[in-house]
Amino acid sequence: MGKKVFIIGGARSGKSAFAQTLIRQSGLPATYVATAEALDDEMKRRIERHKKDRPQVWTTVEAPYAMPAKLASVAVPGQAVLLDCLSVYVSNQMVVTIHTYHDTMSVSQLADLEAGVLADVRSALKASSRADLTVVVSNEVGLAIVPDTFLGRAYRDVLGRVNQVAALWADEVYFVLSGIPIKIKAASVRGESSAEL
């Protein structure tokens with residue numbers, strides 16, 4: 001089982017740049033696992049910018065859905081994997097499900113959705129652990145005001161729990177603020193609930 005790093009921070013905080021630095025420094029052949037879909041012009045521009053930022057020799061795997069299976073195929077010994085990012089992946093899973101309910105989702109249905117997303121992410125993280133180095137990126141969305149929509153609150157809550165799972169899984173966790181990575185969990189520190197993974 002290789003080294004596992006989780007990087008979290010706000011939008012445009014420098015998370016992806018720091019993650020790419022860690023992958024480059026490893027010297028390992030790298031696979032970039034992308035979770036975004038180019039559904040509009042803005043997202044197309046963001047995806048193109050990310051592509052330009054990373055080395056052309058890296059393999060790219062698109063994983064907006066079915067991430068556990070895709071990670072299982074690329075996370076192998078002798079490789080580095082960069083998953084960017086969990087926050088977009090969770091959004092993909094939630095939007096598809098919530099829109100089928102047209103804002104009539106019950107508390108129990110939301111709980112089922114959350115359980116499904118958490119199970120999916122746990123499977124993906126386990127699959128990725130076979131690589132020599134796995135770096136996972138996500139957004140911290142729980143530091144702002146409470147969202148005023150049902151979807152916004154549901155997303156904040158589910159992503160917050162997903163981020164906790166990723167932090168427990170990781171050997172090291174960094175919070176990136178204004179381009180500065182701050183280590184908030186060292187390899188020797190394990191959460192009490194890490195066995196839940």
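All of the numbers you see were taken from the coordinates with simple rules; none came from a lab. Being a predicted model, the structure only gives us computed values, none of them experimental. For neighbour counting, all protein chains shown are included, and Cβ atoms are generated from backbone atoms with ideal geometry for every residue, glycine included.
The ranking of Glu114, Glu37 from fewest to most other beta carbons within 10 Å of each one's beta carbon is Glu37, Glu114.
For a footprinting-style exposure proxy, rank Lys15, Lys183, Lys126 by other Cβ within 10 Å, fewest first. Walk me through the numbers on the way to the answer.
Working: Lys15 27, Lys183 11, Lys126 16.
Result, fewest neighbours first: Lys183, Lys126, Lys15.
From the coordinates of this entry, volume of the Cα convex hull per residue in Å³ is computed, and it appears in [x] 145; [y] 124; [z] 106 under the label [y]. Here the peptides 142-149, 54-61 are ranked by packing, the mean other Cβ count within 10 Å, and the order with the highest first is 54-61, 142-149. Within the shell of other residues whose beta carbon sits under 14 angstrom from the beta carbon of Val5, the net charge comes to +2, with Lys and Arg scored +1 and Asp and Glu -1. When the charge dipole of the chain is built from unit charges on Cβ atoms (+1 for Lys and Arg, -1 for Asp and Glu) and taken about the Cα centre, the candidate among Val61, Gly10, Thr134 whose Cα reaches farthest toward its positive end is Thr134.
Of the residues Ala80, Leu125, Leu28, the one whose Cα sits farthest towards the positive end of the charge dipole of the chain is Leu28 (charges of +1 on Lys and Arg Cβ, -1 on Asp and Glu Cβ, taken about the Cα centre). Dividing the helix sum by the residues of the chain, where each DSSP H run of 4 or more adds -39500 (n - 2.57), gives a mean residue ellipticity at 222 nm of -15000 deg cm²/dmol. Based on Cα contacts under 8 Å between residues 6+ apart, the chain shows a relative contact order of 35 percent. Report the residues of the stretch 1-42 in range of a label on Val76: point 7 Å along Cα→C-beta, backbone N strictly under 19 Å from it. Under cut-off, by backbone N: 1-3, 27-34.
If a helix is a whole DSSP H run, which ones in the chain reach 30 Å or further along their own axis (Cα) and hold a mean Kyte-Doolittle hydropathy of at least -1.0? Write out the running numbers ahead of the final one.
On the way: long enough: 107-128 (31 Å, 0.53).
Qualifying helices, which must be both long enough and hydrophobic enough, are 107-128.
With +1 assigned to the C-beta of every Lys and Arg and -1 to the C-beta of every Asp and Glu, and no other charges, what is the dipole magnitude of the stretch 3-187 about the Cα centre in debye, to the nearest 20? Write out the running numbers ahead of the final one.
Working: 21 positive and 18 negative charges, 141 e Å.
Result for the stretch 3-187 is approximately 680 debye, rounded to the nearest 20.
Lysine pair count for the chain with Cα-Cα distance under 16 Å and sequence separation of 8 or more or different chains is 13.
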